[in-house]
Amino acid sequence: MSPTGSEHCRRLAAIVRADPDLMRLLAAARGLALPQWRLVAGCLYQTVWNVLTGRPPGHGIRDYDLIYFDAADLSWEAEDAVLRRAAPVLAPCIGPVEIRNQARVHLWFESHFGSPYPPLPSADAALSRYAAVVHAVGVRLEPDDSLTIAAPFGLADLFGLVLRPNLALANRATYAAKAERMRALWPELTLLPWPGAAEPPVKCAEDTAAVSTGLSPAPSPLSTSP
């Protein structure tokens, strides 16, 4: 990793460790011992943006995405059983928390988002398919209390306040919807358009509803019933 990349990792780890809500959630998630688990995406990059722009903790964060990878059982029932087990463990933590088995995303993604989604080989591989480059970040609290960071595209966009489309999937509509929400909440951002889009980069707009990053729409966050 380049010196700049290493420094970005250190800064991210310091910001996460300084947030008691994130650390409490990470410690609780570690206790679940889910295979290849990570806390990912919005709650991380939005926490960093809040620190960089002087906004209060939690600004703009709507949920906390916890992913894992278990190819041994791809049924909805197995994923729901994980959510049921996690509910009392994560109840004292900040939320809502969405827990999704990335080994089964390919079973439902196309029917909900309209584009093919090849099976993933690992939980971390899911990060490289998120709608924007800056979304592709995950952290895990290890047994020795170290933080490991997954960031397949690096962290330059995160600390540069840049929203850049990721072309791994045909995700233009998802990216556009997220961009509208992000630039309303963090007007300091530089937004880069999807290739071929007519509009130039912008830094302000009205809010719109967000679109899922690709986590399973069912079961619902920490649900206890289908």
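Does region 115-130 contain at least one residue that is among the basic types (Lys, Arg) and over 21 Å from residue 164 (Cβ atoms)?
If we filter region 115-130 for residues that are among the basic types (Lys, Arg), which is where we start, we get 129.
Of the ones still in play, those that are also over 21 Å from residue 164 (Cβ atoms) are none.
The answer is no, given that none of the residues of region 115-130 is among the basic types (Lys, Arg) and over 21 Å from residue 164 (Cβ atoms).
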Among the numbered criteria (1) closer than 20 Å to residue 59 by Cα; (2) of a type outside the set (Phe, Trp, Tyr); (3) out of contact with any helix residue (DSSP H, G or I) (no Cβ under 8 Å at 6 or more places or on another chain); (4) at pLDDT below 95, which single criterion is violated by residue 205? (3)
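Determine whether residue 29 is surrounded by fewer than 18 Cβ atoms within 10 Å (Cβ to Cβ), at pLDDT 95 or above and of a type in the set (A, V, I, L, M). Can you show your working first?
Details: surrounded by fewer than 18 Cβ atoms within 10 Å (Cβ to Cβ): no; at pLDDT 95 or above: yes; of a type in the set (A, V, I, L, M): yes.
So residue 29 fails the test.
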Considering region 137-164 alone, what residues qualify as being within 16 Å of the chain's Cα centre (by Cα), more than 21 Å from residue 52 (Cα to Cα) and open to solvent by 20 Å² or more (accessible area, probe 1.4 Å)? 140, 148, 152
Would you tally the residues in region 43-93 being more than 26 Å from residue 122 (Cβ to Cβ) and assigned to a helix (DSSP H, G or I)? 6
Which listed residue, of 37, 49, is in contact with a strand residue (DSSP E or B) (Cβ under 7 Å, 6 or more places away or on another chain), crowded, with 17+ Cβ neighbours inside 10 Å and aromatic (Phe, Trp, Tyr): 37
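Report, by residue number, each residue of region 1-22 that is buried (at least 16 other Cβ atoms within 10 Å of the Cβ) and assigned to a helix (DSSP H, G or I). Full working, then the answer.
So the first thing to find is which residues in region 1-22 are buried (at least 16 other Cβ atoms within 10 Å of the Cβ), and the list is 8-9, 11-12, 15-16, 19, 21-22.
Residues satisfying the conditions are 8, 9, 11, 12, 15, 16, 21, 22.
When you check residue 118 against the structure, is it open to solvent by 50 Å² or more (accessible area, probe 1.4 Å), assigned to a helix (DSSP H, G or I) and either of a type outside the set (A, V, I, L, M, F, W, C) or free of Cβ contacts under 8 Å to residues at least 12 places away in the same chain (or both), yes or no?
On the way: open to solvent by 50 Å² or more (accessible area, probe 1.4 Å): yes; assigned to a helix (DSSP H, G or I): no; either of a type outside the set (A, V, I, L, M, F, W, C) or free of Cβ contacts under 8 Å to residues at least 12 places away in the same chain (or both): yes.
It is false that residue 118 is open to solvent by 50 Å² or more (accessible area, probe 1.4 Å), assigned to a helix (DSSP H, G or I) and either of a type outside the set (A, V, I, L, M, F, W, C) or free of Cβ contacts under 8 Å to residues at least 12 places away in the same chain (or both).
The values are calculated or read from the model by the stated rules, or taken from the named source; none is laboratory data. What you see is a predicted model; the values in this text were computed from it and never measured. Note that each Cβ is placed from the backbone with ideal geometry, even for glycine, and that neighbours are counted across all protein chains shown. For the accessible areas, the whole protein counts, side chains as well, though only heavy atoms, and no ligand, DNA or RNA atoms are used. Shrake-Rupley method; radii C 1.70, N 1.55, O 1.52, S 1.80 Å.
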